[in-house]
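J.: After the structure tokens below, expect a handful of questions from me.
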Amino acid sequence: MSSGELSLRPEPLTRAGFAAFGDVIEAGNAFDMINSGTTQQCKELTDVDVSTEGGRTQVSLYRVVPYELPLAIAMLERHPLSSQLFMPLNAAPFLVVVAPPAERVDRATVRAFVTNGAQGVNYRRGTWHHPVIALRHPSEFLVVDRIGPGANCDEFFFESERLLLQPPS
């Protein structure tokens, strides 16, 4: 690691640890029986925020190929007009790299989390984040975000000082 790099080690994803960046999406044991007892529902897991400037909800499937770790984090993106939700479909852990909303990313505020494979995330509007990082295997995600008018993706590129994302412990 060169003197211009900062090592970033993922921590387990928890609601408390991720609260500044968005919501952790996981059901746990909070299910109610509906449909005459044939279905369990865990409702209101998050608030999907897409309506700014005439936006509407877009639901997509992403297929993500894993990166090799350690990974030099060169760029983060943010969505100033909406939240963005990622839910894994194949129960595989993935990595989340985030920084708080701000005009520029301060690399000292960047954090990394590793999910347990059953957790998803909903990034709050304006939260800086790396594109989703699959671990070990190609993975599929259900993605809920905004489609509509207006510029809804800003990118921030680290100059010479990069972050080196380590494999989770």
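The values are calculated or read from the model by the stated rules, or taken from the named source; none is laboratory data. Remember, it's a predicted structure, so these values are computed and weren't measured experimentally. With ideal geometry, Cβ positions are generated from the backbone for all residues, glycine too; neighbour counts draw on all protein chains shown. For the accessible areas, the whole protein counts, side chains as well, though only heavy atoms, and no ligand, DNA or RNA atoms are used. Shrake-Rupley method; radii C 1.70, N 1.55, O 1.52, S 1.80 Å.
J.: At 1.4 Å probe size, with the rest of the protein present, what percent of the exposed accessible area of the stretch 1-96 is carbon and sulfur atoms?
T.: Carbon plus sulfur share of accessible area: 50 percent.
J.: Okay, next question. Long-range amide H contacts for Leu6: which residues qualify at under 5 Å (H placed 1.01 Å from N, peptide plane, sequence gap of 5 or more or a different chain)?
T.: HN-HN under 5 Å from Leu6: Arg162, Leu163, Leu164.
J.: I've got another one for you. Report, by chain and number, residues whose modeled amide H sits under 5 Å from the one on Arg124, excluding near sequence neighbours (fewer than 5 apart, same chain).
T.: The list, which skips near neighbours in sequence, is Gly22, Asp23.
J.: Once phi is turned into ³J(HN,Hα) by the Karplus curve 6.51 cos²θ - 1.76 cosθ + 1.60 with θ = phi - 60°, what whole-Hz value does each residue of the stretch 142-151 show in order, with x for glycine and proline?
T.: 8, 10, 10, 8, 9, 10, x, x, x, 7
J.: Note down the nm distance, to one decimal, between modelled labels 7 Å out along Cα→Cβ at Ser169 and at His137.
T.: Distance between label points: 2.6 nm.
J.: Gaussian network model of the chain, Cα springs within a sub-10 Å range: biggest mean-square fluctuation belongs to which of Ser83, Ser51, Ser139?
T.: Checking each option, the largest mean-square fluctuation is seen for Ser51.
J.: Give me the distance between the Cα centres of the stretch 91-132 and the stretch 1-78, rounded to whole Å.
T.: Centre-to-centre (Cα) distance: 8 Å.
J.: Which of Thr39, Thr115, Thr14 moves the most in a Gaussian network model of the chain with Cα springs under 10 Å?
T.: Result: Thr39 has the largest fluctuation of those listed.
J.: What is the chain's relative contact order, in percent, from Cα pairs under 8 angstrom and six or more apart in sequence?
T.: Reported relative contact order: 39 percent.
J.: What is the set of long-range amide H partners of Gln58 at a cut-off below 5 Å, with H atoms built 1.01 Å from backbone N?
T.: Answer set, sorted by chain and number: Asp145, Arg146, Ile147.
J.: From the C-alpha gyration tensor of the chain, pull out the three semi-axes of the equivalent ellipsoid (sqrt of 5λ each), sorted largest to smallest, in whole Å.
T.: 28, 20, 14
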